[in-house]
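The values are calculated or read from the model by the stated rules, or taken from the named source; none is laboratory data. Predicted model, so just to flag it, every value in this text is computed and none were measured. Note: ideal-geometry Cβ built from the backbone for every residue, glycine included; neighbour counts use all protein chains shown. What goes into the accessible areas is simple: the full protein's heavy atoms, side chains included, and nothing from ligands, DNA or RNA. Shrake-Rupley method; radii C 1.70, N 1.55, O 1.52, S 1.80 Å.
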Amino acid sequence: YELLKKKLELEGLFVRKRPIPEFIKRIGIITSRQGAVIEDFKNNLEHLGFELFLKDVRVEGVRAVEDITETLRWFNSNADKLNLDVLVVIRGGGSLEDLQAFNNELVARAIFASSVPTICAIGHHKDVPIVSLVGDEAPSTPTGAAIRVNQSWERLVKNLPMFEREMFYAYESRLVASYNRINSLSEKMVNYFRRAFAKFEALKS
């Protein structure tokens with residue numbers, strides 16, 4: 001772990017941190033379909049119209065590295081078609097042995113090679129997994145990853161009352177302006193007919 005960490009650190013893989021986009025909508029998810037992790041993530045997402053694309057992978061064992069790296073490549077090769085905003089790599093905590101796939105050089109380099117910004121939320125007790133150091137952001141739990149996705153809408157949600165007030169005032173101003181125009185036209189019409197009737201009465205006499 002320490003040797004790989006030092007090697008990748010010297011290569012600069014931990015330095016690049018791309019901003020997570022605002023207003024995330026389409027999310028690619030890399031985790032196991034089984035277990036509580038995916039449910040924790042989904043249950044903590046706000047109802048903001050997210051579209052989730054889950055690829056089921058092994059998160060431990062001999063096939064885990066191959067599954068995760070292949071899935072990362074698949075998501076990146078289909079990123080334009082899926083119009084992804086972010087990739088989320090998640091799993092629950094475990095021992096150093098359980099997390100071997102997330103301390104693997106191939107997986108770390110596949111995450112670094114991703115053209116899509118990545119959130120790596122690998123539960124841990126002591127050492128931060130290598131992939132979390134490589135990812136653009138690294139909440140410590142799947143729940144934290146969901147909260148980070150929700151935060152991409154924070155500016156809009158925070159400013160929504162102001163937008164509502166501005167829309168109301170704009171509508172009210174136009175309504176008042178329309179009322180004033182109609183009132184002015186009505187007065188002009190009344191004055192026009194008053195003068196017309198006055199001329200008519202003058203002609204009669």
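Considering the range 55-65, and only residues there that are open to solvent by less than 90 Å² (accessible area, probe 1.4 Å) and over 21 Å from Thr143 (Cβ atoms), the residue that is farthest from the chain's Cα centre (by Cα) turns out to be Gly61. Every test in (1) over 18 Å from Arg33 (Cα atoms); (2) touching a helix residue (DSSP H, G or I) at 6+ places or on another chain (Cβ under 7 Å); (3) of a type in the set (S, T, N, Q) is passed by Gln100 save one, and that test is (2).
The set of residues from the range 75-103 being assigned to a loop (DSSP other than H, G, I, E, B), open to solvent by 40 Å² or more (accessible area, probe 1.4 Å) and farther than 17 Å from Ser140 by Cβ comprises Asn83, Asp85, Glu97.
Restricting attention to the range 67-83, does a residue exist that is hydrophobic (A, V, I, L, M, F, W, C), out of contact with any helix residue (DSSP H, G or I) (no Cβ under 6 Å at 6 or more places or on another chain) and within 19 Å of Arg148 (Cβ to Cβ)?
Taking every residue of the range 67-83 in turn, at least one turns out to be hydrophobic (A, V, I, L, M, F, W, C), out of contact with any helix residue (DSSP H, G or I) (no Cβ under 6 Å at 6 or more places or on another chain) and within 19 Å of Arg148 (Cβ to Cβ).
If you go through the range 17-41 and keep only what is hydroxyl-bearing (Ser, Thr, Tyr) and either open to solvent by 70 Å² or more (accessible area, probe 1.4 Å) or in a strand (DSSP E or B) (or both), you end up with just Thr31. Phe53 passes every criterion in (1) assigned to a helix (DSSP H, G or I); (2) at pLDDT 95 or above apart from (1). Filtering the range 42-54 to residues that are in contact with a Leu (Cβ under 8 Å, 6 or more places away or on another chain) and open to solvent by less than 80 Å² (accessible area, probe 1.4 Å) leaves only Phe53.
Checking each residue in the range 63-74 for being assigned to a helix (DSSP H, G or I) and farther than 19 Å from Gly135 by Cβ picks out only Glu66. Only one of the numbered conditions (1) over 22 Å from the mean Cα position of the chain (by Cα); (2) open to solvent by less than 40 Å² (accessible area, probe 1.4 Å) is not met by Glu70, and that is (2). When every residue of the range 58-73 is checked against the conditions, at least one turns out to be within 17 Å of Ile27 (Cα to Cα), among the polar types (S, T, N, Q) and modelled with pLDDT of 95 or more. For the range 5-16, a tally of residues being exposed (fewer than 13 other Cβ atoms within 10 Å of the Cβ) and part of a loop (DSSP other than H, G, I, E, B) returns 4.
Going through the range 132-156 one residue at a time, which ones are more than 12 Å from the chain's Cα centre (by Cα) and part of a loop (DSSP other than H, G, I, E, B)? The answer is Gly135, Asp136, Ala138, Pro139, Ser140, Thr141.
For the range 117-131, a tally of residues being open to solvent by less than 10 Å² (accessible area, probe 1.4 Å) and either of a type in the set (A, V, I, L, M, F, W, C) or more than 14 Å from the chain's Cα centre (by Cα) (or both) returns 8.
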